[in-house]
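The values are calculated or read from the model by the stated rules, or taken from the named source; none is laboratory data. The shown structure was predicted, so the numbers you read here are calculated from the model rather than taken from an experiment. Neighbour counts run over all protein chains shown; Cβ positions are idealised from the backbone, glycine included. Side chains are part of the model used for accessible areas, which takes the heavy atoms of the whole protein and leaves out ligands, DNA and RNA. Shrake-Rupley method; radii C 1.70, N 1.55, O 1.52, S 1.80 Å.
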Amino acid sequence: PLSPDAFASAYANFCAKANVHPDPSELNRDGRQINLYQLHIEVMNMGTNLRMENDDDAWATIGGKLGFVQIPASDTEPAKCGSGMAAHLHHVYKQYLATFDTMYINSIVRRKNEMRNQTLRVGPAGLSGMDPARLNMFVKYAWVPAQELRARGIPEVAIKWIESYRPMLQR
């Protein structure tokens with residue numbers, strides 16, 4: 001999830017571009033304000049709207065976390081709001097946050113893919129010009145713990161190189 005400041009800035013920008021205008025009357029329930037940032041946080045922590053689209057229990061749990069507790073927590077269950085509040089939170093989320101969160105998640109995925117592709121294009125220092133047989137051997141060694149590589153008599157310089165690029169070699 002975004003930090004409060006990053007959310008405020010990004011959400012204001014999103015609202016301006018998408019012509020979204022949260023209705024204050026919809027954000028006020030039972031005399032209490034629904035905090036869109038907190039709703040964003042709780043949905044992200046639960047695993048996104050797509051995973052809980054029709055999960056009334058998840059929305060009731062979110063309501064409890066936002067302070068709209070109607071059913072107190074027990075030893076086995078978290079605090080929950082009533083079904084009416086859960087449905088209202090779901091509606092508010094779909095109306096004002098779902099598209100924003102989808103765009104946010106897509107931007108993270110796109111950034112990760114760009115970074116991974118950049119890494120694969122550029123590759124680690126020392127990779128260009130490496131003998132393909134040696135590179136293949138290092139890829140195999142990437143799955144072997146450093147201690148075992150030492151026991152096999154692999155030179156320390158090779159082990160250090162493998163350790164520094166292990167995640168990339170394991171892809």
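Overview of values
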read-out	value
³J(HN,Hα), Karplus 6.51/-1.76/1.60, whole Hz, each residue of region 23-33, x for Gly, Pro	7, x, 5, 6, 8, 10, 9, 6, x, 10, 8
Amide H contacts of residue 29 (H built 1.01 Å from N, under 5 Å, at least 5 apart or other chain)	34
Charge dipole (the chain, unit charges on Cβ, about Cα centre) - positive-most of 25, 105, 115	115
Percent accessible area from carbon and sulfur atoms, the chain, protein chains only, probe 1.4 Å	54 percent
Probe 1.4 Å, protein heavy atoms only - accessible area per residue of the chain in square angstrom	63 Å²
Estimated distance in nm for a label pair at residue 148 and residue 25, the labels positioned 7 Å out from Cα along Cα-to-Cβ	6.7 nm
Packing-based order for 14-24, 94-104, using average beta carbon neighbours within 10 Å, highest first	94-104, 14-24
On Cα atoms only, tilt of 156-169 relative to the major axis of the chain in degrees	40 degrees
Nearest 10 degrees, 0 to 90: helix 4-18 Cα axis against the chain principal axis	70 degrees
Set of lysines near residue 80 by C-alpha distance (under 17 Å), chain-local residues within fewer than 8 positions excluded	65
Highest-fluctuation residue, 32, 150, 110 considered, GNM on the chain with Cα pairs under 10 Å	150
Nearest-ten-degree value, helix 132-141 long axis tilted from longest Cα axis of the chain	60 degrees
Computed over the chain: relative contact order in percent, which uses C-alpha pairs under 8 Å that are six or more apart	14 percent
